[in-house]
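The values are calculated or read from the model by the stated rules, or taken from the named source; none is laboratory data. In this text the structure is predicted, and so the values were computed from the model without any measurement. When we count neighbours, we look across all protein chains shown, and the Cβ atoms used for this are built from the backbone with ideal geometry, even at glycine. Quick note on the areas: whole protein, heavy atoms, side chains included, nothing else; ligands and nucleic acids left out. Shrake-Rupley method; radii C 1.70, N 1.55, O 1.52, S 1.80 Å.
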Amino acid sequence: MTDYIGLIVLIVLCVIALVGFFIGLGKGFMAISSWANEYVIGTFGALLIGVYAGDILAETATWLSALIVIGAGIVIMLVFMIISAAFRKGFARGVAGHRRKLGYLQMTDLEESDKDIMDALARKDYRTYKKKWRSRRKMSKQHRGGWGVVDRIFGAITGAVKYFVVAALIVVSCLLILDITQITVNGEAITQAYLGSIFNSSVWEYIQPYILDFILMGTIFACIRRGYKGGLFSGLWTILAIALVILGFYVSYVIVFKSGTFDGTTESFASSVLAGYLGEGDTSNLIAGIILTAFLGIIFAIIIILLAIFIPKAIEAARETKVFHLVDGVFGAIVVTVIVLAVLLFVFGLLYTLNDLDPLPGIFSKIGSYFEGGVSKYFYSMNFLNDFGWIPNLSQYFG
């Protein structure tokens, strides 16, 4: 059975894609999100440049190579987002033009159909009633013509890609975690005991270096979309609200433990409530102070959360202006993407500094094998933050 797990996984992915195909066929391209198309095309574009233009990029600075590869992927994604939006508008215009040309839903035809249905009911001729009712429903539907057919074909393809991509990302992410952690059952790693047909296959050997490319580019693409939809001011307000909540708890700590303002309250609470459980002394006073700090912090947090409810509504009202919405969205996408990219570069750069250590059997060499793709290598072995000396070498602390 374990020899066929890889085939079973592939069949499941194909079935999920087929479900997406029929959902997309039913909805049409105008009614279904096409992010998966843009994401896949953009990631493949970045991969092709990163892999096949490696010799040319090797002659440039690392930071410039990373900018070219990742930037090219982002540009391709944005271009196809614009193309997808243009296709939707084109389909909408085509369908609307077809409907106008037909001169649809003539009231006299509908009224005559309604009369036939009522006559059939009065005669208790249910066979004729069902026939007339089906005819009336068809008459009421606004056929979309050739544009509608093309819209549904595009929708079917988009739905299949979307569902397959989501399922495939979930599957490969789980397999990646299992491969790195090497979880064992009865003394044997799951990757070999049950999933050997996958991990020992030539397909896995081929796609392994590029898995993180898709995950990282997917993260970047999600940041662009989320940053544009949320906008710069909404994103900054979210960050500010979180910082204010943390600051509120810190201020509560200072008030309770440093200022002396609540010393009497703390001692009273400790002696009257906690002493029966913890006894009198420093422990009960400390616990009383922590409880009081948490109480004050929660009060501050509630006030900030109430503000966090109303201020975003004011921001959304401002975003109803098209110019403000566009500018705010573009800057929001840029800021969110840059912040997340900086975090990813720093975290994976730190991880690379531990590459020479081996506290667990082969774990860092295993991790490194996933950072050999056209994009992922710029976050790990070719991370320009390491070149600039901006990342501390953790191996000197653990070596």
Notebook entry, point to check: Given the structure, is residue 163 open to solvent by 60 Å² or more (accessible area, probe 1.4 Å), modelled with pLDDT under 75 and in a helix (DSSP H, G or I)?
Noted result: no
Checklist line | Scan of segment 264-289 for residues that are modelled with pLDDT of 75 or more and surrounded by fewer than 14 Cβ atoms within 10 Å (Cβ to Cβ), ordered by number | finding: 264, 265, 268
Item checked: Complete set of residues in segment 1-20 that are surrounded by fewer than 18 Cβ atoms within 10 Å (Cβ to Cβ) and over 25 Å from residue 200 (Cα atoms) -> 18, 19
Next item on the list: Scan segment 300-329 for residues that are open to solvent by less than 60 Å² (accessible area, probe 1.4 Å) and at pLDDT 70 or above and jot them down.
Entry: 301, 304, 308, 328, 329
Notebook entry, point to check: How many residues are crowded, with 19+ Cβ neighbours inside 10 Å and assigned to a loop (DSSP other than H, G, I, E, B) if we restrict to segment 189-217?
Noted result: 1
Note to self: Among the residues of segment 21-66, what is the count of those that are in a helix (DSSP H, G or I), exposed (fewer than 15 other Cβ atoms within 10 Å of the Cβ) and of a type in the set (Ser, Thr, Tyr)?
What the structure shows: 1
Check: Going through segment 218-263 one residue at a time, which ones are open to solvent by less than 30 Å² (accessible area, probe 1.4 Å), closer than 30 Å to residue 291 by Cβ and among the hydroxyl-bearing types (Ser, Thr, Tyr)?
Finding: 252
